[in-house]
Amino acid sequence: MSLNVLVIGAGMGGLSAALAFQRLGHTVTVMERVVEMRPVGAAISLWPNGVKVMHALGLGARIEALSGDMRRMRYLSHDGALLSDFSLLPLYESVSQRACPIARAALQQTLFDAVGFEHIHLGQECVDYVSDDEGVTAFFAGGQQVRADLLVVADGTHSRLRDKIVGQHVQRQYVGYVNWNVRVPADAALAPLDSWDQYVGEGKRVSLMPMGTGGNEAGEQELYCFFDVPLAAGTPNDPARYREELSEHFAGWGDNVQALIARIDPARMARVEIHDITPLPTLIDTRVALLGDAAHGMAPDLGQGGCQAMEDAWVLAEAVKTSLVESSNTAQALQHALARFDAARVERVGEIVTRARKRAAMIHGHDLADTQAWYAELAQEDGVGVREGIKKTVVGGPLG
Ligand code: FAD
C-alpha cells in the first residue's frame with residue numbers, strides 16, 4: 001500500500017526520511033521554511049552508523065567519494081606536543097564501514113538530488129497540525145493546508161511543532177561552550193591529510209579533520225576545522241571579530257593553531273552556542289513522528305546528531321513497512337509503526353544525548369580536575385578505548 005507522507009524540514013533528517021519512504025514506494029512531499037537552502041556550518045563527520053544508513057538508501061558510494069579519508073586520530077597538547085596517535089582502521093574493519101567527514105553542502109546536495117527537487121517545496125513554514133483516525137492535516141504560514149497519511153516532523157533544534165507532539169514545553173539547554181567552524185584548503189603543513197588532529201588545553205579544543213573535496217570544482221582537498229571555547233551564554237556574535245576573538249582565546253597555543261587562525265576566512269565561518277535538549281519521553285503523536293534535532297538536539301561532541309537523524313529516518317520507514325505487512329488497516333498499521341519507532345528510538349537517542357553532554361563537560365572543563373585527568377589519559381591512549389567507544393555507538397544502531 002502506498003501512503004502519502006508529508007515531511008516538514010529539508011535538513012539531513014527530513015531528506016533522509018523522504019528518501020527512505022520514497023524507496024518503499026510511498027508518495028512524499030517535503031515542505032521547507034526557507035526559500036533558499038544554505039547549510040549552516042562547514043562540514044560534518046558521518047560515523048559508520050550514519051554512512052550505513054546512506055548506503056542502505058543508495059547514497060553510500062557517492063558520500064564516500066565526496067568525503068575525507070580519515071584513517072587515524074591524533075591528540076596534541078595546546079603547544080603542539082603529541083599526546084597520542086592511533087589508527088581508526090581496526091574500528092572500520094570491525095564495523096565494516098569507514099567514517100565519512102563531508103562538506104555539509106555536498107551532503108545536502110546529494111540528498112536533494114536523490115529526493116528530487118520536484119518533491120521539495122521551499123518557502124513553506126508549517127505552523128500547526130491536526131490529526132485524526134483518518135489522517136493528518138498540516139497548516140502553513142501562507143494559509144495552505146496539506147492532508148497526509150503520515151506527518152514526519154524534522155524541523156530542527158528550534159522545532160515549532162515539538163511541544164505539541166511530546167505534550168510538554170521543551171526548553172533547549174546551553175551546554176556551556178561556543179564553537180566556531182570553517183573549511184580551509186588542506187595543507188600537510190597544518191595537519192596530515194589522513195588524520196583527525198585535535199589540540200586540547202584549558203578546556204578548549206582546536207580540531208582539524210580531512211573532509212575530501214566535497215565535489216568542489218577545483219578538486220581541492222579541504223580541512224574541516226573548529227575551535228571550542230567555554231564561554232557564558234550570550235557573548236556577541238560578530239564575524240568581523242572572529243579572528244581577533246580566536247587569537248585572544250588561543251594566545252600562547254602552538255604554531256599550527258596560530259597558522260590556522262591566520263588562514264580562516266571569517267566570512268565562511270559559523271559561530272554557534274552549543275545547546276542540547278534533555279531526552280524526551282516520546283517522539284510520536286497520532287499519525288505524527290518527530291525526528292532529527294527536533295527530537296534529540298545534542299552536543300556535537302560525539303559527532304552523532306546527524307547520524308542519529310539518519311538512523312531515525314531508516315527506523316521509521318522500516319517500522320511502517322513492517323506494520324503495513326501485518327495490517328491492512330492503515331490507521332492501525334501506522335499506530336503500530338509509530339509505537340515501534342518510539343520503542344526503538346527514545347532510549348537509543350536519550351542515551352546518546354546524555355553521553356554527548358557528559359563528553360562535552362569533560363572536554364570543556366566543567367570540572368577542571370576531570371578535564372586534567374582526561375588530558376593525562378590522552379597521553380597514555382593507544383586507541384583501543386576510543387575505538388571501542390565509537391564501535392559501541394555504531395553497533396547499537398539499526399544496521400549493526
Ligand atoms: P536541521 O538541519 O536543522 O534541519 C531542519 C530544517 O527544517 C531546516 O532546513 C529548517 O529551515 C526547517 N524548518 C524549521 N522549522 C520549519 C517549519 N516550521 N516549517 C518548515 N520547515 C522548517 N552531527 C553528526 O552526525 N556529525 C558531526 O560531526 C556533527 N557535527 C556538528 C557540529 C556542530 C557545531 C553542530 C552544531 C552540530 C553537529 N552535528 C553533527 C549535528 C547535526 O548538524 C544535526 O544533528 C543535523 O544537522 C540535524 O539535522 P535535522 O534535519 O534534524 O535538522
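Read the figures in this text as sums done on the coordinates, not as results from a lab. Being a predicted model, the structure only gives us computed values, none of them experimental. Please note: Cβ atoms are built from the backbone with ideal geometry, for glycine as well, and neighbour counts cover all protein chains shown.
What the table below lists for this structure:
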quantity	calculated
Computed over the chain: relative contact order in percent, which uses C-alpha pairs under 8 Å that are six or more apart	23
Residues S131, S2, S247 arranged by fewest to most Cβ contacts within 10 Å	S2, S247, S131
Relative contact order (percent, whole number), the range 317-374, Cα cutoff 8 Å, 6+ residue spacing	21
Spatial separation of Cα centroids for the range 194-241 and the range 365-395, in angstrom	20
The chain, helix-only ellipticity at 222 nm - DSSP H runs n ≥ 4, -39,500 (n - 2.57), divided by all residues, nearest 500	-12000 deg cm²/dmol
Relative contact order of the range 14-145, defined on C-alpha pairs under 8 angstrom at six or more residues apart (%)	33
Loop-located GluC sites (Glu not before Pro) in the range 3-98 whose Cβ has at most 16 other Cβ within 10 Å (DSSP)	E36
DSSP bridge pairs, the chain: antiparallel proportion in percent, nearest 5	70
Listed pairs K204/K358; K52/K391; K52/K321; K52/K164; K164/K392 exceeding 25 Å between Cα atoms	K52/K164; K164/K392
Helix 330-363 vs. the chain, principal-axis angle (Cα, 0 to 90°, nearest 10)	10
Cα long-axis angle, helix 368-380 against the chain (0 to 90 degrees, to the nearest 10)	80
Exposure proxy order (Cβ contacts within 10 Å, fewest to most) of S84, S67, S16	S84, S67, S16
In the range 201-238, GluC sites (Glu not before Pro) in a DSSP loop with at most 14 other beta-carbon atoms within 10 Å	E217, E220
Fully extended contour minus Cα-Cα distance, from A61 to L378, at 0.36 nm per residue	110.7 nm
DSSP-defined antiparallel bridges as percent of all bridges, the range 1-159, nearest 5	65
Alpha-carbon centroid distance for the pair the range 281-297 / the range 55-124, whole angstrom	25
Length added when fully stretched, T354-Q258, from 0.36 nm per residue minus Cα-Cα	31.2 nm
